[in-house]
Amino acid sequence: MPNEYWILVLTLSIAAFFIRFLGLLAGDRIRSSQFSWILDELPGLIIVSLVAASLMGQPAETWCAASIALLAAILTNHVIVTMGIGVIAFASFSLFSF
C-alpha cells in the first residue's frame, strides 16, 4: 500500500479518537451542568430525528404507518410491539394501496 494511504488511515484514526475524546469531555461537562436532562432524553431525540428525516418525501402510506406505530408506542410503551405493529401497518398499506 502506498504511503499516502497509510497517512490517510493514520489521520482518520487520530481524528476519530479525538472526536470520541471530545465527546467524553463534553458529556462530563453537560452532566454536571443544568442541562443534564438532555443526556437522559438524548436516545429518544436521536430516534425521533432519524425517523422524521426518513419520512420526508415519503408517500401517504408511509406516514399512515408511522402514525399507527406512534400510537402503538404511546399505548404500549414497548419497542418490539411498536416495531411489529409499524411493520404490519406498512406492509398492509403497501400491499393494499389506498
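No lab work stands behind these numbers, since they all come straight from the coordinates. Quantities reported herein were computed from a predicted structural model and do not represent experimental measurements. Using ideal geometry, Cβ is built from the backbone for each residue, glycine included, and neighbour counts are taken over all protein chains shown.
Numbers below:
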| item | result |
| --- | --- |
| Number of positions in region 67-98 that are of a type outside the set (A, V, I, L, M, F, W, C) and within 19 Å of the chain's Cα centre (by Cα) | 6 |
| Hits in region 39-98 - residues which are outside any helix (DSSP H, G or I) and surrounded by 10 or more Cβ atoms within 10 Å (Cβ to Cβ) | Gln58, Pro59, His78 |
| Residues that are over 20 Å from Ala52 (Cβ atoms), of a type in the set (Val, Ile, Thr) and touching a helix residue (DSSP H, G or I) at 6+ places or on another chain (Cβ under 8 Å), drawn from region 70-95 | Thr76, Val81 |
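Every residue, every condition in (1) closer than 30 Å to Phe93 by Cα; (2) in contact with a Cys (Cβ under 9 Å, 6 or more places away or on another chain); (3) acidic (Asp, Glu), yes or no:
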| residue | (1), (2), (3) |
| --- | --- |
| Glu4 | no, no, yes |
| Phe18 | no, no, no |
| Leu39 | no, no, no |
| Gly57 | yes, no, no |
| Ile68 | yes, no, no |
| Val81 | yes, no, no |
